[in-house]
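Contents: one structure, followed by commentary.
The values are calculated or read from the model by the stated rules, or taken from the named source; none is laboratory data. Because the structure is predicted, anything quoted here is derived from the model rather than measured. FYI the Cβ positions are ideal-geometry reconstructions off the backbone, even for glycines, and counts take in every protein chain you see. When the accessible area is computed, the model is the full protein with side chains, heavy atoms only, and any ligands, DNA or RNA have been set aside. Shrake-Rupley method; radii C 1.70, N 1.55, O 1.52, S 1.80 Å.
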Amino acid sequence: MDSKIKRRAILISVGAILLVVFVTLFGNASILKRYLPEKEDTENATPSEIDLLVKETEEESAGEDAGSYAKEGFAGSDPALQIGDDLRAFLRDGTFFDKELSSYEKKMLAPDEKSLSLVTTSVEKDLRIQILDGMGNIVTGIPFVLNLKEQGNYIDQDKDGVIYISGLSAGEYEVTLTEAEEFELPKPTVVSVRDKVAYAAIPDITLLMKTEADIRASEEDTEEKGAEEDADDTEIVDVRDTGDEAQMGIDVSKWNGEIDWDRVQNAGIEFAIIRCGYRGSSTGTLVVDPYFTQNIQGALAAGLKVGVYFFTQATNEVEAVEEASMALALCRDYKITYPIFIDSEGAGGNGRADGLDMETRTKVCQAFCETVEDAGYASGIYGNRTWFRTKLRMDALSDHLIWLAEYREKPIYGGNYHFWQYTSSGNVDGIEGRVDLDISYLAY
């Protein structure tokens, strides 16, 4: 073949190949766009460059209807791309980047601090109204005024967010909060007042519970052990060997401080009765024992069985139901196998319940125990020999467990009892200082 003709044939072949390649590339340009970099490198762009891109995109898409954006916004106008293929679609999404929330959005996210709600409780011919804010906390520091229809106005004079009304007839009453300073007034509500005391736990009792940080503990926690006055020189202060006839235990409160519960268990202690709280001797405030949580958790973790007790200063059945409700609220998250006791003792002679007559004090103990039993727990009454003989009608309390405090080798108390606290000067490894020692004659 002539060399000139040969060169011409080669040029024609190369040209044909280039033409085919060009046509192929042109026809698939939309697909190649997915793999070729764009001019704008958004990965390395500065915040201001991204803002400009978003702004340009928002201007371009202004006026587009929502349906068109749903169909084309993510894939663009290229029919070859499927939804999700366009990796730059987020630049056209005006909601993708954080912006300042609108006032409406802020209102939806933030708690309504100015709103109020009323929580009402009736135990017997009474009404307790608690004023709560939007977070569910009692509002204090404001002299709220509420109106009880056909009864008149009542003022929260001590500004504690709780108004208590007694001596009401059973029935329904409309309650209206009329003065609340800067807060929004809630709508009037209709409440029912009970005719007779209901021995049932008060569900919102936690709103009334305080810690020792809220009170003057030295004036409120004034419990005294009357059994010490009745003790004799036969009192035993060591852990006893009870054999198979009984269980050996202790009872503790904040006064015992830090406790090494594993060492206590190794010392032969099988159960612990732990103080969960008390009612203030002066103001009547319901106060949680500051060591309750760590004591009950420590005792259970060490394998001890537990019960609890509450030091009462209730002056009537309504307050006794409150105290039982508090004990139940504190116990609900723990395995309680021993009873929940009401500690009926004196408070130094000046306690708010020290002067109660026998009949009233007996009703207080009954109300506490029946409220506890209604919740499915065993209940009992703690007291010393003299207290049981002179302060309570024990015949009326025979359906409940009795925890006797008498500090001598053998009790001389003539009544029935199921637990015996035989000393308040006990020695137990794991506890620094004195501790109360107890024997349970019931198996739990």
Which ones in region 240-262 are buried (at least 18 other Cβ atoms within 10 Å of the Cβ) and β-branched (Val, Ile, Thr)?
250, 252, 259
Please enumerate the residues belonging to region 260-306 that are under 24 Å from residue 214 (Cα atoms) and among the β-branched types (Val, Ile, Thr).
274, 283, 285, 287, 288, 293, 296
What number of residues within region 352-371 satisfy the criterion of being under 14 Å from residue 221 (Cα atoms) and under 30 Å from the mean Cα position of the chain (by Cα)?
2
Within region 154-169, which residues are among the aromatic types (Phe, Trp, Tyr) and more than 12 Å from residue 123 (Cα to Cα)?
154
Can you tell me which residues in region 138-166 are of a type in the set (S, T, N, Q) and either in contact with a strand residue (DSSP E or B) (Cβ under 8 Å, 6 or more places away or on another chain) or outside any loop (DSSP other than H, G, I, E, B) (or both)?
147, 151, 153, 166
Name the residue that is least open to solvent (accessible area, probe 1.4 Å), counting only residues in region 429-441 that are acidic (Asp, Glu) and outside any loop (DSSP other than H, G, I, E, B).
438
Report those strands (runs of 3 or more DSSP E) wholly inside region 217-288 carrying at least 3 residues which are closer than 27 Å to residue 350 by Cα.
271-279, 286-288
Condition set open to solvent by 60 Å² or more (accessible area, probe 1.4 Å) and of a type outside the set (Val, Ile, Thr), scope region 278-290, selection nearest to the chain's Cα centre (by Cα): answer is 290
Sort out which residues of region 295-318 are under 23 Å from the mean Cα position of the chain (by Cα) and open to solvent by 30 Å² or more (accessible area, probe 1.4 Å), and write them in order of number.
297, 300, 301
What number goes with the only condition from (1) out of contact with any helix residue (DSSP H, G or I) (no Cβ under 7 Å at 6 or more places or on another chain); (2) of a type in the set (S, T, N, Q); (3) outside any loop (DSSP other than H, G, I, E, B); (4) open to solvent by 40 Å² or more (accessible area, probe 1.4 Å) that residue 169 does not pass?
(3)
Count of region 213-244 residues which are of a type in the set (Asp, Glu), over 25 Å from residue 263 (Cβ atoms) and more than 36 Å from the chain's Cα centre (by Cα):
5
Region 303-315: number of residues that are under 20 Å from residue 399 (Cα atoms) and in a loop (DSSP other than H, G, I, E, B):
1
Yes or no: residue 220 surrounded by fewer than 19 Cβ atoms within 10 Å (Cβ to Cβ) and either closer than 17 Å to residue 310 by Cβ or in contact (Cβ under 8 Å) with a residue 24 or more places away in the chain (or both)?
no
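What number of residues within region 387-416 satisfy the criterion of being among the small types (Gly, Ala, Ser) and more than 22 Å from residue 339 (Cα to Cα)?
1
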With respect to the numbered conditions (1) closer than 21 Å to residue 326 by Cα; (2) under 26 Å from the mean Cα position of the chain (by Cα); (3) in contact (Cβ under 8 Å) with a residue 12 or more places away in the chain, which one is the sole condition not fulfilled by residue 137?
(3)
Residues of region 179-208 being open to solvent by 60 Å² or more (accessible area, probe 1.4 Å), in contact (Cβ under 8 Å) with a residue 12 or more places away in the chain and more than 16 Å from residue 127 (Cβ to Cβ), in sequence order, are 179, 181, 182, 184, 185, 199, 206
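So in region 263-277, with the set limited to residues that are closer than 11 Å to residue 292 by Cα and either out of contact with any strand residue (DSSP E or B) (no Cβ under 8 Å at 6 or more places or on another chain) or aliphatic (A, V, I, L, M) (or both), which one is surrounded by the fewest Cβ atoms within 10 Å (Cβ to Cβ)?
Restricting to residues being closer than 11 Å to residue 292 by Cα and either out of contact with any strand residue (DSSP E or B) (no Cβ under 8 Å at 6 or more places or on another chain) or aliphatic (A, V, I, L, M) (or both), the top hit is 273.
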Which of (1) buried (at least 17 other Cβ atoms within 10 Å of the Cβ); (2) assigned to a loop (DSSP other than H, G, I, E, B); (3) touching a Ser or Thr at 6+ places or on another chain (Cβ under 6 Å) does residue 124 not meet, given it meets every other one?
(3)
